[in-house]
Amino acid sequence: MQCEKGHDHNGAAALGATLRRMNMLLRFLVFWFVNALALWVADYLFASVTFDRLSTVIVAGLVFGIAQAFLKPVLVILTLPITAITLGLFLLVINAAILMLVAWLVPGFGIAGFVPAVGVGLFISIFSFILNMMLGR
């Protein structure tokens, strides 16, 4: 909308919307980076985790993040009674299952079984939590 002088006063609103979209994109990219870094460090520390190349780590970080964002909440709700009975320890099983699913979906990413996946899932959760705290997320 222009005023009588011909100035566009909706530019501030458009700029605000653009900045919000950029902020969402930046948050997504940081989330993706944290997941990929956590998987890469897990590959370095655990012999049970293998990646063929760096691009596999990047793709696995994306798939893992998407699975954590959409699949994990559904699984947590579906398994709420057993999670409550085990005082939250069943969440380790959910994390391991998601990690195994990602390893199955992403060619070149492997985990040597479910029990190692529980340990790796615990490590990734702790590592991601610490990194997110350091990044102020």
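Read-outs: derived from the displayed coordinates by stated rules, not from any lab. Just so it is clear, the model here is predicted, and its values are computed rather than measured. All Cβ positions, glycine included, derive from the backbone under ideal geometry; neighbour counts span all protein chains shown.
Using per-residue counts of other Cβ atoms within 10 Å, averaged over each peptide, order 77-88, 123-134 from highest down.
Values: 77-88: 11.2, 123-134: 14.7.
Averaged packing, sorted descending, gives the order 123-134, 77-88.
When the chain is fully extended, how far beyond the present Cα-Cα distance does Leu25 get from Val76, taking 0.36 nm per residue of separation? Don't jump to the answer; show the numbers that get you there.
Values: separation 51, 0.36 × 51 = 18.36 nm, distance 2.65 nm.
Answer, rounded to one decimal: 15.7 nm.
Roughly speaking, what is the stretch gain from Leu87 to Phe123, that is 0.36 nm per residue apart minus the C-alpha to C-alpha distance, in nm to one decimal? Intermediate results must be reported in sequence, preceding the final value.
Numbers: separation 36, 0.36 × 36 = 12.96 nm, distance 1.89 nm.
Difference between extended and current length: 11.1 nm.
Would you work out if segment 61-123 is rounded, prolate or oblate? Take a ≥ b ≥ c from the square roots of the eigenvalues of the alpha-carbon gyration tensor; rounded if a/c is under 1.5, else prolate when a/b is larger than b/c, oblate otherwise. Walk me through the intermediate numbers first.
On the way: a/c = 2.67, a/b = 1.50, b/c = 1.78.
Verdict is oblate for segment 61-123.
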